[in-house]
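The values are calculated or read from the model by the stated rules, or taken from the named source; none is laboratory data. Not measured: the values here are computed from a predicted model. Cβ placement follows ideal geometry from the backbone for every residue including glycine, while neighbour counts extend to all protein chains displayed.
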Amino acid sequence: MNTADRILIAEFLESEHDRFNRPSFIEDDPISIPHRYSRKEDREIAGFLTAVISWGQRGTILKNATALMMLMEDAPHEFIRDCGKVDLARFEKFVHRTFNGVDCVFFVRCLMDVYRIKGGLHSSFKSALNHSGNNLGAALHLFRKDFFGNRLPGRSSKHFSDPLSNSAAKRLCMYLRWMVRRDDRGVDFGIWNDVSPSVLHCPLDVHSGRVARELGLLERNQNDWTAVIELTRSLQEFDPNDPCRFDFSLFGGGVSERNRVN
């Protein structure tokens, strides 16, 4: 990349970031679901479950994520803390595409263990990151393993991606952006403030991948973890401390197609 191209790409990334990293972004995005809450634990749980089902039509994601919060009595942490076996039955008919009632019950059970035994999602991820030496792919693998614990996930395992299987783990990267990134824009929460935004990797889907390739930020054809690493390294050249903020820029480039979240 020559100097002139680099300047043009930097200008594009910054202008699109400024355009989309604003409160107006929130309303029609899945991040609007955890924005319903003010408590850290509520945001963590609402954000995690919303991220898990964030694929397909955007309107359907918001509708089903809202329904899921209502099944939790609009108080995710309190529900997870106090939930008993009889309460789990209400999730058996929940369906979002291939994430069905069996998966929903399984994920709620795992969340119960995470918050009652392991200190919560923040604590679990931070421990995984420390054990991985700040290698995000390895950290997400350990985070996934800790989430499942001694439970055999069966069919539900596919709903928690594993970068060590070369999955792009787009929804997990998006969730971490929500929890970790901190600025004065009011979109991302920055509530996991002992995790550096520098370790985040940019969420990659068909839309962001297309824009990244058009900009010359990504050469690999497959949208997998190898491509995520390549894209993030390219974005680190423009902001090594917070490369994931350019997720907003790549979103902007593909916004005309973004009625879906893949």
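Return yes or no: is residue 92 over 30 Å from residue 216 (Cβ atoms), touching a helix residue (DSSP H, G or I) at 6+ places or on another chain (Cβ under 8 Å) and loosely packed, with under 15 Cβ neighbours inside 10 Å? It is true that residue 92 is over 30 Å from residue 216 (Cβ atoms), touching a helix residue (DSSP H, G or I) at 6+ places or on another chain (Cβ under 8 Å) and loosely packed, with under 15 Cβ neighbours inside 10 Å.
Kindly establish whether residue 154 is small (Gly, Ala, Ser), without any contact (Cβ under 8 Å) to a residue 60 or more places away in the chain and over 20 Å from residue 46 (Cβ atoms). Don't jump to the end; show me each part of the working.
Values: small (Gly, Ala, Ser): yes; without any contact (Cβ under 8 Å) to a residue 60 or more places away in the chain: yes; over 20 Å from residue 46 (Cβ atoms): yes.
Yes, satisfied.
Residues of region 181-219 that are surrounded by 22 or more Cβ atoms within 10 Å (Cβ to Cβ) and without any contact (Cβ under 8 Å) to a residue 40 or more places away in the chain: 204, 209, 212, 218. Within the option set 148, 106, being free of Cβ contacts under 8 Å to residues at least 40 places away in the same chain and over 17 Å from the mean Cα position of the chain (by Cα) holds for one residue only, 148. Confirm whether residue 173 is within 30 Å of residue 98 (Cβ to Cβ), not in a helix (DSSP H, G or I) and not small (Gly, Ala, Ser). Taking the combined requirement at face value, the residue does not satisfy it.
Have a look at 27, 44, 11, 16 and point out the one that is closer than 21 Å to residue 173 by Cα and surrounded by fewer than 19 Cβ atoms within 10 Å (Cβ to Cβ). First the steps, then the outcome.
Numbers: 44 fails: surrounded by fewer than 19 Cβ atoms within 10 Å (Cβ to Cβ); 11 fails: closer than 21 Å to residue 173 by Cα; 16 fails: surrounded by fewer than 19 Cβ atoms within 10 Å (Cβ to Cβ).
Answer to the selection: 27.
One residue is enough: does region 60-76 have a residue meeting the conditions of a type in the set (Lys, Arg) and touching a helix residue (DSSP H, G or I) at 6+ places or on another chain (Cβ under 8 Å)?
Step one: of region 60-76, the residues of a type in the set (Lys, Arg) are 63.
Now restrict to residues that are touching a helix residue (DSSP H, G or I) at 6+ places or on another chain (Cβ under 8 Å): none.
No, region 60-76 contains no residue that is of a type in the set (Lys, Arg) and touching a helix residue (DSSP H, G or I) at 6+ places or on another chain (Cβ under 8 Å).
Would you please name the residue that is nearest to the chain's Cα centre (by Cα), looking only at residues in region 1-52 that are of a type in the set (Val, Ile, Thr) and not in a helix (DSSP H, G or I)? Here the answer is 33. Determine whether residue 187 is modelled with pLDDT of 95 or more, of a type in the set (Val, Ile, Thr) and in a helix (DSSP H, G or I). For residue 187, the condition - modelled with pLDDT of 95 or more, of a type in the set (Val, Ile, Thr) and in a helix (DSSP H, G or I) - is not met. Of all residues in region 110-121, those that are at pLDDT 95 or above have Cβ atoms under 8 Å from Cβ atoms of residues that are charged (D, E, K, R) and surrounded by 18 or more Cβ atoms within 10 Å (Cβ to Cβ), 6 or more apart or on another chain, in 114/146; 115/41; 118/146; 120/41; 120/44; 121/44. Entry remark, region 110-125: residues being surrounded by fewer than 14 Cβ atoms within 10 Å (Cβ to Cβ) and within 18 Å of residue 39 (Cα to Cα) number 2 in total.
For residue 61, the criteria (1) of a type in the set (A, V, I, L, M); (2) at pLDDT 95 or above; (3) over 19 Å from the mean Cα position of the chain (by Cα) hold in every case but one, which is (3). Against the numbered list (1) out of contact with any Gly (no Cβ under 7 Å at 6 or more places or on another chain); (2) touching a residue at least 60 places away in the same chain (Cβ under 8 Å); (3) hydroxyl-bearing (Ser, Thr, Tyr); (4) under 25 Å from residue 33 (Cα atoms), residue 175 comes up short only at (1).
The rows are residues; the columns are (1) under 17 Å from the mean Cα position of the chain (by Cα); (2) not charged (D, E, K, R).
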{"residue": "152", "(1), (2)": "no, yes"}
{"residue": "159", "(1), (2)": "yes, yes"}
{"residue": "166", "(1), (2)": "yes, yes"}
{"residue": "194", "(1), (2)": "no, no"}
{"residue": "202", "(1), (2)": "yes, yes"}
{"residue": "206", "(1), (2)": "yes, yes"}
